[in-house]
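Worksheet: the structure to be examined is printed underneath.
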Amino acid sequence: MPLPQPLAEHLGRVLTEKLHEPVQVRDARPVAGGSINDAFRLHTNAGEFFVKTNTADCYPSPFVSEERGLGILREAGALRVPEVLAQGEVDGTTFLLLEFIAQEEEDRDFQARFGRALARLHRSTNNSFGLGHDNYIGLLPQVNTPHKDWVEFLVQCRLEPLVKMARDNGRIHPGDTIRFERLYARLPALLPPEMPALLHGDLWKHNYLASANGEPVLIDPAVYYGHREMDLAMTKLFGGFDREFYEAYNNEEPLVPGWEERVELCNLYPLLVHLNLFGGSYADRVGSVLRKYV
C-alpha cells in the first residue's frame, strides 16, 4: 500500500519543524520485512527517514509503547537505537517516524561486539520485574505489572494470559493447559534467581541490524525488566546467532551454568505468542516443550 498523500505532507511539516528548514517528501519506497506494519523509506530534500504505519482503528496504540520502549533502551546507553522523530495519527493512519539507519553486512567481529553490548544492556536493572506501563509484543498486548519475584511475573504476566487466550480460541491442545498448571509449580526449581535486567523483549534475527560503521542497532522492542535468559533464549528460537555472540556475552557477563538447557523453557512465552498469532504447528511445539518438564 502506498504512503497516503496527507500523511506524506504531514511528515514533511513535522520534519520542517524538527530540522528548522523546509522539508518535502519526494518519494516513499516500501520496505520489506514487516508482517504487522507497512514501512517506508522516505526520500526528502533533507535526507532519508523511516516511517512505520498502520490503520488507527485496529492498531491504535502500539506505536506509543514502541516509542517509549526505544526511549528506555536509548537511555541505557549500551546499544544504538533509532531516534524517534514523531508519532501520531493522520486521517485514520497511525505512524512512527524514525531516523533512517542503513543496514550493512556484518563484519567478522560484529557478533562479538553485539554480545558484549547486550550484556552491558542487561546490567541495567530495576527494583522489580516488569515495567511501569504495558506494551505489545507483535500484535498482542504484553502485561508488565511489576512483581518482586521472577517466577510470579513469568506465570501471571507472561504465560497465564496467553495460555488462556489460546484455550479460549481453541488453539492449544486441551491436555497442555493442565501441563502448564503443573509446570508453574516446578518453575522455582528450574529457573535460577537473577536480578531484573532490561530486556529487548523480542530479540530475534530480524530485530537488530548492523549499521554502516558496524554498530549493533536494536529495533522493534517489547521492553521490560526480566530474567536475562529470556533475551538469550529468544535469539535461538529461529536458528540462533553466531557462536561468537554467546561467547562474548558470557565473557562480559557470565551466565548461570546450564542456561542452554533452559532455552526451550524460556521460549515457551514467545512460542505462545506465535501460537496465538498464527496457530498451526506452534501448538505441537508448545506441547513438545511442556512434555520435557512435566
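Every read-out reported here was derived from the displayed coordinates using simple, explicitly stated rules and does not represent laboratory data. The structure displayed is predicted, hence computed values, not measured ones. Positions of Cβ are generated from backbone atoms using ideal geometry, with glycine treated the same way; all protein chains shown enter the neighbour counts.
In debye to the nearest 20, how big a dipole does the stretch 5-99 give about its Cα centre with +1 on each Lys and Arg Cβ and -1 on each Asp and Glu Cβ?
Working: 9 positive and 14 negative charges, 51 e Å.
Dipole of the stretch 5-99, to the nearest 20 debye: 240 debye.
Could you work out which residue, out of Pro141, Pro257, Pro188, moves most in a Gaussian network model of the chain, that is, has the largest mean-square fluctuation with Cα springs under 10 Å?
Top of the fluctuation ranking is Pro257.
Given +1 on the Cβ of Lys and Arg, -1 on the Cβ of Asp and Glu, and no further charges, what dipole in debye does the stretch 63-133 carry about its Cα centre, rounded to the nearest 20?
On the way: 8 positive and 12 negative charges, 119 e Å.
Dipole size: approximately 580 debye.
With everything on Cα atoms, drop me the angle between helix 268-278 and the longest principal axis of the chain, reported from 0 to 90° to the nearest 10.
Taking Cα atoms only, the helix is inclined about 60 degrees.
Can you find, among Asn144, Val286, Gly226, the residue sitting farthest towards the positive end of the charge dipole of the chain, where Lys and Arg contribute +1 and Asp and Glu -1 at Cβ?
Val286
Helix 174-190 sits at what angle to the longest principal axis of the chain, using alpha carbons and giving 0 to 90 degrees rounded to 10?
Roughly 80 degrees, rounded to the nearest 10.
If amide H atoms are built 1.01 Å from N in the plane of the peptide, which residues on other chains or at least 5 residues away come under 5 Å of the amide H of Gln142?
Close amide H contacts, sequence-distant or interchain: Asn135, Tyr136, Ile137.
How big is the Kirkwood radius of the stretch 5-99, worked out from every pair of different alpha carbons and given in Å to one decimal? The partial results should precede the final answer.
Details: mean 1/r = 0.0725 Å⁻¹.
Averaging 1/r across every pair of different Cα atoms and inverting gives 13.8 Å.
Please compute the Cα-Cα pair-distance distribution of the stretch 110-293 with 10 Å bins starting at 0, giving whole percents from short to long.
9, 38, 37, 14, 2, 0
What lysines does Lys52 reach when the alpha-carbon gap must be under 21 Å and sequence neighbours fewer than 8 apart in one chain are set aside?
Cα-Cα hits under 21 Å: Lys18, Lys205.
Against the longest alpha carbon principal axis of the chain, how many degrees, from 0 to 90 and to the nearest 10, is the axis of helix 62-76 turned?
With both axes taken from Cα atoms, the answer is about 80 degrees.
Size of the dipole of the stretch 110-293 about the Cα centre, Lys and Arg at +1 and Asp and Glu at -1 on the beta carbon, nothing else charged, in debye to 20?
On the way: 20 positive and 22 negative charges, 65 e Å.
The dipole of the stretch 110-293 has a size of about 320 debye.
Please give the direction-averaged projected area of the C-alpha convex hull for the stretch 206-261, in square nanometres with one decimal.
Details: hull surface 19.0 nm².
If you wrap the Cα atoms of the stretch 206-261 in a convex hull and average its projections, you get 4.7 nm².
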